[in-house]
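Taking it in order: structure first as structure tokens, then the write-up.
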Amino acid sequence: MNAGYRFIEVEQHGDVALVKLKQRRLTESEIAMLGDELLRVGQEGCPRVVLSLAPSPEYLFSVFLAKLIALQRQLTELGGGLKLMGCDALLLDVFETCQIKERFEFYPDAESALQSWRQG
């Protein structure tokens, strides 16, 4: 499932994809391409996605946050969704400050995030 991805690494766990960013620093245009890759994971049979944000991206542009919101909606339409893991306190504060924290489920590690999908 990793074939052709420039910005992400994907581990498939049944019908759930555990996705890690390959780089911590992305430009706005690269964020758009990252979003396309994440959506492709869902379209290729894994609409339930756990995205690791550890270590935290160096820059958290508003376009990145908007991309996560759009991706959450698109994956939900495909019958899945987006859960986030590995967010440190500073990153959680960014989501809180932008008033979007309630849109996502946050988990400390991969096992707890994957387990949440298994439990429905």
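All of the numbers you see were taken from the coordinates with simple rules; none came from a lab. Remember, predicted model here, so these are calculated numbers, not experimental data. FYI the Cβ positions are ideal-geometry reconstructions off the backbone, even for glycines, and counts take in every protein chain you see.
Each Lys and Arg Cβ is given +1 and each Asp and Glu Cβ -1; about its Cα centre, segment 8-118 then shows a dipole of about 100 debye. Scaled against 2.2 N^0.38 Å for its residue count N, the alpha carbon radius of gyration of segment 66-112 is 1.17. Looking at segment 1-85, the GluC sites (Glu not before Pro) that sit in a DSSP loop and have at most 14 other Cβ atoms within 10 Å of their own Cβ are 44, 58. With a simple spin-label model that places each label point 7 Å from the Cα along the Cα-to-Cβ direction, the separation between residue 111 and residue 77 comes to 3.7 nm.
Over the chain, dividing the summed -39,500 (n - 2.57) contributions of all DSSP H runs of at least 4 residues by the number of residues returns a 222 nm mean residue ellipticity of -13000 deg cm²/dmol.
Would you mind estimating how fast the chain diffuses translationally, via Stokes-Einstein at 20 °C and 1.002 mPa s with the Kirkwood radius over Cα pairs, in µm²/s?
This corresponds to a translational diffusion coefficient of 151 µm²/s.
The trypsin sites (Lys or Arg not before Pro) found in segment 1-86 that occupy coil by DSSP, while having at most 15 further C-beta atoms within 10 Å, are 6, 22, 24, 25.
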